[in-house]
Amino acid sequence: MIAESANRSYNRCMSHIPTRILQETAVRYFLEVVRRGSITEAAHTLNVASSAISRQIARLEAELDTPLFERVSRGMRPNAAGELLAAHALRQQLEAERIGNELAALKGLRRGEVKLATTEGFALEFVPVAIEQFCAQHKGIRFQLSVGNAVHVAQQIREGAVDLGLTFTMAPDPDIKVEFAQRAPIMAVMRPDHALAHRRQVSLSELAPYPLAMPQKNITMRRLIDACCSRRNVLLEPTLAADSISALLCFVMAGQGIGFSAALPIRRLVREGQLAALPIRDKDMNTLQLEIQSLAGRTLPDAARAFLNTLIARASARH
């Protein structure tokens, strides 16, 4: 009932709010407070005084005739009306940015910027090569790339900070649109001269005697591996646990260790003979999904849409 009342209150406000308000400084400051969780952090990010942000938010609440935040011990949290305004304002902001990019590129993809967030595996080779190939045809396009874990990628998409995200997932997210999806079985990765490299496939239990390089426990792939081991009563103790796939692969290539990866991030290393990748026969190791994502309800700028097609083509290629 409380949420329904807030929705009705907000909808009444939105029905008569002037469009200009959603384009003003007040909304920009409001969105930054939503992202940062406090006026102080927002002021630091925007390089303005905290008092200026407080005045703009008070003005916005007065114009809308409704509170937008709950004051909590660690800062500020949007209430139901604030969450609705944030979603509406963010989409309008992104749409204005898209139109601006397209107006600047009416004669073709001569200008524009594509913002990306990926987990580290995609940043090893897949995305940089795709960018280089795309820029060879569209020299005026610029890119920004943010690398982090799956939670970081999802957050960047929800906040509208990036156009596209590339990550591995196990479950859908209602705020995120899946532009492309592909099964991404987890492989056992080792040097080509490893004792197991001649095998067609391996089981998790057969990996236990060897030095193992595994993602840290907060990484999606590690959670899947641990769950599968638990169901099969298999104990895998990593010699090296890290949140960097680069470090894990270096450990594997340095000796007789075994790591874990989906096929796409290591495709070039396998093709060039630097690594061998074996399927793991345990069925649950096939449930990971590679996804290219965008914000649900958003229309991508032309440059981002064109680059999305490049990414899909590369991901779909066999080599």
request  = Report whether or not R223 is at pLDDT below 95, under 12 Å from V189 (Cα atoms) and within 28 Å of the chain's Cα centre (by Cα).
outcome  = no
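Using the structure shown, decide if I176 is in contact (Cβ under 8 Å) with a residue 60 or more places away in the chain, closer than 28 Å to E272 by Cα and of a type in the set (A, V, I, L, M, F, W, C).
Answer is no for this residue.
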remark   = Those helices (runs of 4 or more DSSP H) completely within the stretch 200-319 that have 1 or more residues that are in the same structural domain as T167 (by TED's automatic domain parsing), closer than 20 Å to Q156 by Cβ and of a type outside the set (S, T, Y) are 302-316
message = Looking at the structure I just gave you, is L196 over 19 Å from D284 (Cα atoms) and either outside the structural domain of T118 (by TED's automatic domain parsing) or part of a loop (DSSP other than H, G, I, E, B) (or both)?
response = yes
task = Please enumerate the residues belonging to the stretch 34-57 that are of a type in the set (G, A, S), assigned to a helix (DSSP H, G or I) and within 25 Å of the chain's Cα centre (by Cα).
result = A42
task = Give the residue, chosen from P215, P192, P211, that is over 28 Å from the mean Cα position of the chain (by Cα) and closer than 22 Å to R268 by Cα.
result = P192
inquiry  = Give me the residue from the stretch 197-207 that is among the hydrophobic types (A, V, I, L, M, F, W, C) and within 21 Å of L224 (Cβ to Cβ) and, out of that set, nearest to the chain's Cα centre (by Cα).
reply    = L204
key: Unique match (being within 16 Å of the chain's Cα centre (by Cα) and more than 23 Å from E237 (Cα to Cα)) among Q137, Q144   = Q144
Search result, residues across the stretch 163-173 that are aliphatic (A, V, I, L, M) and closer than 13 Å to L311 by Cβ = L164, L166
query = Of the residues that sit in the stretch 138-194 and are crowded, with 18+ Cβ neighbours inside 10 Å and among the hydroxyl-bearing types (S, T, Y), which one is modelled with the lowest pLDDT?
reply = T169
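The values are calculated or read from the model by the stated rules, or taken from the named source; none is laboratory data. Since the structure is predicted, the reported quantities are computational estimates derived from the model, not experimental observations. Using ideal geometry, Cβ is built from the backbone for each residue, glycine included, and neighbour counts are taken over all protein chains shown.
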